[in-house]
Amino acid sequence: MKRTPILVFSVLLSAFSLSRAAVQVTINSVVQQDSLITVTFGLNNDVAVAGLQFDLVDEPNAFVLNPTSVTAVGRLASVAMLTIVGQEVDTAASRTRYLWFSMSGATVAAGNDDHITATFAKVLPGAQAINLRVTAVYPSDAMGNNLDGSGDTFLFNMSSATEGENQVPATFALQQNYPNPFNPTTDIRYAVPNPSWVTLNVYDLRGNYIRNLVSVNHSAGYFTATWDGKDYNGMEVASGAYIYRLETQGRTIAKKMMLMR
């Protein structure tokens, strides 16, 4: 009888470990600058990968991809990969497929510090809510064997793309998120007066890292990032207060926001 709780705990622990895919592709941030939309993906892999395929679906169809804009940094950039990007569009949604294959047999080590960015042109007029989904995640190892993969979802509140057009801000600035309090998403607007590398991260009140929303070399202008209340593993965080912090060229601005589920 004394062994039963241990057995039950072991079964529950095994079930929990099986619920997480070995390779996860997340949507870390969506930033709008006038009519350009930059999507930053994250790669969280518990095992080494030598190949990766996934689709980004935007519904309704709002984005047209610039194929030359796709870049990878971190562990993905350290491995010579063949990159293939294509897009299928219909009246309801568009599907953009990304393929990375190692050219040398080298693998991308396990970790969660990768960023993959892709820039799109806004084709849907007006301000609308866009549902983004990462689907068809097919990672593989060095032998070509398939690995378990999963995707992410993200609700992006796209603006009308007229505010800030052809304007250069005078100062580095971070606005209060809107709406606040929020559920399930909130928009964060910020201004960059000079071309520079910019990061925007979310932390809890104890200073623990929650999510990277922006990590990109920006031109000067006005930008909007959306947070969907998820952490870097794509898991929903609890209700409460969070800190969002904008950093560039030695300057830091931080503000507080409230998530209420």
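No value in this document is a laboratory result; all are computed from the given coordinates. Computed from a prediction, not measured in an experiment: that's the story for all the values here. Here the Cβ is made from the backbone with ideal geometry for all residues, glycine too, and neighbour counts use every protein chain on show.
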If you fit an axis through the alpha-carbon atoms of helix 4-19 and take the longest principal axis of the Cα set of the chain, what angle between them do you get, 0 to 90°, nearest 10? 40
Normalised by the residues of the stretch 173-231, what does the relative contact order come to in percent, with Cα pairs under 8 Å and at least six apart? 37
To the nearest 20 Debye, how big is the dipole of the chain about its Cα centre, given +1 on the beta carbon of each Lys and Arg and -1 on that of each Asp and Glu? 780
With only alpha-carbon atoms counted, please give the Rg and Dmax of the stretch 173-259, in Å. 12.4, 36
For residue 131 and residue 110 in the same chain, what is the full-extension length gain: residue separation times 0.36 nm, less their Cα-Cα distance, in nm? 4.7 nm
Report Rg(Cα)/(2.2 N^0.38 Å) for the chain, keeping two decimals. 1.06
Give the longest segment of the chain that steers clear of GluC sites (Glu not before Pro) in DSSP loops with at most 13 neighbouring Cβ atoms within 10 Å, not counting the sites themselves. 1-162
Partners for residue 122 among aspartates and glutamates (Cα-Cα distance below 17 Å; same-chain residues under 8 apart left out): 34, 58, 59, 88, 90, 163, 165
Hey, got the dipole for the stretch 173-259? About the Cα centre, +1 on K and R Cβ, -1 on D and E Cβ, debye to the nearest 20? 240
Value of relative contact order over the stretch 21-158, rounded to a whole percent, pairs C-alpha under 8 Å and six or more apart: 37
